[in-house]
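What follows draws every value from the coordinates through simple rules; no lab data is involved. Because the structure is a prediction, the values reported are computed rather than measured. Neighbour counts are summed over all protein chains in view; Cβ atoms, including those assigned to glycine, are modelled from backbone coordinates with ideal geometry.
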Amino acid sequence: MLPRVLEPEVMDSLDEARDYDSMDHSRVNEIFVDDFFSLNYFHHEVLDVGVGTARIPIDLCKRRKEIRVVGIDLAASMLQIAEVNVELANLRERILLDRQDAKRLTFDNHRFDAVISNSIVHHIPEPLQVLTESIRVLKPGGLLFFRDLLRPTNNLLVEQIVKTYAADEDEHARQMFEASLRAALSLEEILEFVTSLGFAAETVQATSDRHWTWSARRENQGPK
């Protein structure tokens, strides 16, 4: 297994944020939203942890009129682009963006019907803090839906995945993708975090050749 090589926790260069937003994440985002809705849970107020440039909240709100999203990110540059994207989508009344640290959320306990996250965990040196905070702000019975990159087991697989999924991107984008793969958790690592919080191991699955997904309900008694 390759060792985990951390990348910067906050991508706060405007150029990097623009490069990230210009990459074609449309199919990955579409699958994320499809899978989230397939769980058939009533979502009224959703927290998106690591909202980035707000592409997923925009898709969520376009598909379901009852949804409101609060999106948080620590990168001001990401939020700057997100504000423009939300404005262009005419969704300012339903998507609230806020600069917050996912490890220390300012929200009250049990506020949100669902907490989602796409690709923030690999940015966090100690992901348990983010997972714990996400559980804290979730209503009893609420839905957790986290997806992130899965660290390849060797260098050859890293090269193959980058070639397969980022061949049409520029060199900088390919470098960013490779760094994210190397910073990602293994399936064993995310399983250890999830089970330490009292959730069943089967709530975590490898859902593609490069992603893991954690999908779980916060039961009334909460995590152990």
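If I take all pairs of Cα atoms in region 14-217, what percentage of them are more than 23 Å from each other?
Values: 8778 of 20706 pairs.
Roughly 42 percent, once rounded to a whole number.
Taking only the alpha-carbon positions of region 68-118 and ignoring solvent, what does the Debye formula give for the base-10 log of I(q)/I(0) at q = 0.19, 0.30 Å⁻¹?
So the normalised log intensities work out to -0.69, -1.30.
Work out the charge dipole of region 100-224 with +1 on the Cβ of Lys and Arg and -1 on the Cβ of Asp and Glu about the Cα centre, then indicate which of Pro125, Ser186, Leu197 is farthest towards its positive end.
Comparing the listed Cα positions along the dipole, Leu197 ranks first.
In whole Hz and in residue order, list the ³J(HN,Hα) couplings for region 68-81 that follow from phi through the Karplus curve 6.51 cos²θ - 1.76 cosθ + 1.60, θ = phi - 60°; x for Gly and Pro.
10, 10, 9, x, 10, 7, 8, 8, 4, 5, 4, 5, 4, 6
Check which residues have an amide H placed less than 5 Å from Leu150's amide H, if you skip close sequence neighbours.
His211, Trp212
Can you give the calculated 222 nm mean residue ellipticity of the chain, where each DSSP H run of n ≥ 4 adds -39,500 (n - 2.57) and the sum is split over every residue, rounded to the nearest 500 deg cm²/dmol? Walk me through the numbers before you get to the answer.
Values: 8 runs with 88 residues, N = 224.
Taking each H run of at least 4 residues, the total per residue is -12000 deg cm²/dmol.
What ³J(HN,Hα) values, in whole Hz, does the Karplus curve 6.51 cos²θ - 1.76 cosθ + 1.60 give for region 148-159 when θ = phi - 60°, with x put for Gly and Pro?
Once θ is set to phi - 60°, the couplings for region 148-159 become 7, 5, 10, 5, x, 7, 7, 5, 4, 5, 4, 4 Hz.
Any idea how far the Cα center of region 188-206 sits from the one of region 50-94, in Å?
Centre-to-centre distance over Cα atoms comes out at 29 Å.
Viscosity 1.306 mPa s, temperature 10 °C: Stokes-Einstein D of region 78-149 from its Kirkwood Cα radius, in µm² per second?
Numbers: Rh = 13.5 Å.
The calculation lands on 118 µm²/s.
How would you order 14-22, 163-171 from highest to lowest mean count of nearby Cβ atoms within 10 Å? All intermediate terms of the calculation are to be shown ahead of the outcome.
Details: 14-22: 15.6, 163-171: 12.3.
Output ranking for 14-22, 163-171: 14-22, 163-171.
Let me know the shape class of region 126-166, please: from the alpha-carbon gyration tensor, a ≥ b ≥ c as square roots of the eigenvalues, rounded when a/c is under 1.5, otherwise prolate if a/b is greater than b/c, or oblate. Don't skip to the end; give the middle numbers.
Values: a/c = 4.89, a/b = 2.76, b/c = 1.77.
Prolate is the answer for region 126-166, as a/c is 1.5 or above and a/b outweighs b/c.
Please report the antiparallel percentage of the DSSP beta bridges confined to region 14-217, to the nearest 5.
Numbers: 10 of 30 bridges.
Percent antiparallel among DSSP bridges in region 14-217 is about 35.
Along each of the three principal axes of the Cα atoms of region 1-70, give the extent in whole Å, ordering the values from largest to smallest.
38, 33, 21
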